[in-house]
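Report on one structure; see the data block that follows.
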Amino acid sequence: MKKLLAALASSVLFLSAAFAQSVPAPTIAAKSWLLLDATSGQIIASQDPDARIEPASLTKIMTAYLTFAAIREKKLALDQKVNVSVRAWKVDSSSSKMFIDPATPVSIDDLLHGLMIQSGNDAAVALAEAVAGDEGTFVVLMNREAQRMGLKNTRFGNPHGLPSPDNYSTAQDLSVLAKRVIADYPEFYKIDSVKSFTYNKITQPNRNRLLWLDPTVDGMKTGHTEAAGYCMIASARRPGGTGERRLISVVLGTTSDQSRTQESQKLLNWGFQNFDTVKLYSKGQAVATPEVWKGSKGTVKIGFARDVLVTVPKGMAAKMKPVLERKDPLVAPLAENAPVGKLKMMVDDKVLLELPVVALETINQATIFGRAWDSMRLWMK
């Protein structure tokens, strides 16, 4: 199953390359950037997506992810009060803080708001200690989770993103992390859309300016250090051809707060205006029912192990034509999800993408007499 999903992922990359010249990418004033259609999982466009950068406060997205996991696993509770350590209180005083105090226990809920809205580095340390007991152990968990997600060019050195040689990532990896937060923890992701938060009688606004400029934007995080420049991951939901679409933009290394906001908005608008996401097939939908030899049944339903959605330039969907190529003859036993061929989507006699086709049901072997009969039929065929 994992190999099957990997094959689907590679088909998306192939599709992206096929479209590289059909819709010119926008000019984005950033060191590296990427636009991901979270609905289809397809990268629409990018520039230097694997360039290693300092993620700055974008690091806090992973800190939030692990905290969300701990809450869901009932290791922590939103209303749970935790003590504030001197280490958390004393984190770089010149950096972003939510101003927690060792004299006052603080709730996990407040810490999460302070982390994602106020970008509090003190909140990041406090959450790391609440989840793992100490900051060092939490960093181990961060890197373990990064590895599990397949973030091959990412390493975390702390939970907040203050400068460290052990803290680096890429636009590609950060887009995967952002998508996972939204998909895995939608009930907590909504924190990112809150425009301001007050703690310790201090009100601070969300640094994501797009929340005020674009009502379709509902997250996610900004970051800034001298080495990283001004960075932003933004996400927006807008109506699409077959339903609501979500795009995630990653813009890294711009020159100012204003620039990261403008470039993120430009990238999101370009993606929504120039592309549609269409559903080609549903999970379990049979695209054919070919003959099976030596089986307990004479035919097998074949199709896809998950919904197949694809992001294409506007107007392209109507031109796509499917061509099914099977691995004939299909001989039992045949396991459910076993690969049985591929479906090519063609446009003007050119292959747009290839999708692996699988058996949608298990076909056991026939009796010895049935197998012998089909063996003779195959020989005569």
| Of Ala77, Ala227, Ala103, which is the most mobile in a GNM of the chain whose springs link Cα atoms less than 10 angstrom apart? | Ala103
| To the nearest 0.05, what FRET efficiency results for Lys90 and Ser256 with a Förster distance of 22 Å applied to their C-beta separation? | 0.15
| said: Quick check on the stretch 106-156: take the gyration tensor over C-alpha atoms, sort the square-rooted eigenvalues as a ≥ b ≥ c, and tell me if it's rounded (a/c under 1.5), prolate or oblate. | reply: prolate
| query | Roughly what would the spin-label model give for Asp348 and Gln365, points 7 Å off Cα along C-beta, in nm? | reply | 5.1
| note | If one builds a Gaussian network model of the chain from Cα atoms under 10 Å apart, the most fluctuating residue listed among Gly219, Gly315, Gly303 is Gly315
| task | Evaluate E = 1/(1 + (r/R0)^6) for Ala29 and Glu336, where r is the Cβ-Cβ distance and R0 equals 45 Å; express this FRET efficiency to the nearest 0.05. | result | 0.35
| task | For Val331, list long-range residues whose amide hydrogen, built 1.01 Å from N in the peptide plane, is under 5 Å from its own amide hydrogen. | result | Trp293
| message | Is there a quick way to get the dipole size of the chain? I mean about its Cα centre, with the Cβ of Lys and Arg at +1 and of Asp and Glu at -1; what is the value in debye to the nearest 20? | response | 1120
| task | Give me the angle, in degrees from 0 to 90, between the Cα long axis of helix 135-149 and the longest principal axis of the Cα atoms of the chain, rounded to the nearest 10. | result | 20
| note | Extension length gain for Ser296 and Glu187 (0.36 nm per residue less Cα distance), in nm, is 34.6 nm
| note | In degrees rounded to 10, the 0-90 angle between helix 60-72 Cα long axis and the longest Cα principal axis of the chain is 70
| said: Checking the table Lys31/Lys221; Lys60/Lys81; Lys179/Lys350; Lys266/Lys314; Lys74/Lys283; Lys152/Lys221 against a 29 Å threshold on Cα-Cα, which pairs fail? | reply: Lys179/Lys350; Lys74/Lys283
| query | For the stretch 212-283 and the stretch 90-127, what is the separation of their Cα centres, given in Å? | reply | 27
| request: Kindly provide the helix-only [θ] at 222 nm of the chain, computed as the sum of -39,500 (n - 2.57) over DSSP H runs of four or more divided by all residues, to the nearest 500 deg cm²/dmol? | output: -10000 deg cm²/dmol
| message | With every atom except the alpha carbons ignored, what do you get for Rg and Dmax of the stretch 214-259, in angstroms? | response | 12.9, 43
| query | Which peptide among 31-37, 267-273 comes first, and what is the full order, when sorted by highest mean count of other Cβ atoms within 10 Å? | reply | 31-37, 267-273
| task | For the stretch 178-239, state the average projected area of the convex hull of the C-alpha atoms over all orientations, rounded to one decimal in nm². | result | 5.6
| Label points 7 Å out from Cα along the Cβ direction at Asp166 and Lys283: separation in nm? | 3.8
| Degrees between helix 121-132 axis and first principal axis of the chain (Cα, 0 to 90, nearest 10) | 60
| Pick from Ile71, Ile233, Ile28: which is most flexible by mean-square fluctuation in a GNM of the chain where alpha carbon atoms under 10 Å apart are linked? | Ile71
| Convex hull volume per residue for the stretch 176-299, taking Cα atoms only, in Å³ | 181
| field | Overall dimensions of the stretch 32-275 by Cα: Rg and Dmax, Å | value | 16.8, 54
| task | Divide the volume of the convex hull of the Cα atoms of the stretch 282-380 by its number of residues and quote the answer in cubic angstrom per residue. | result | 91
| So which trypsin sites (Lys or Arg not before Pro) in the stretch 195-293 pass both tests, a DSSP loop state and at most 16 other Cβ atoms within 10 Å of the Cβ? | Lys195, Lys201, Lys283
| request: May I ask you to list the aspartates and glutamates whose Cα is less than 18 Å away from that of Lys90, ignoring any residue fewer than eight positions away on the same chain? | output: Asp101, Asp122, Glu129, Asp134, Glu135
| Got a number for carbon plus sulfur as a percent of the chain's accessible area, 1.4 Å probe? | 52
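The values are calculated or read from the model by the stated rules, or taken from the named source; none is laboratory data. Just so we're clear, the structure is a prediction, and the values are computed from it rather than from any experiment. Backbone-built Cβ (ideal geometry, glycine too); neighbour counts: all protein chains shown. Just the protein is used for accessible areas: all its heavy atoms, side chains included, with ligands, DNA and RNA removed. Shrake-Rupley method; radii C 1.70, N 1.55, O 1.52, S 1.80 Å.
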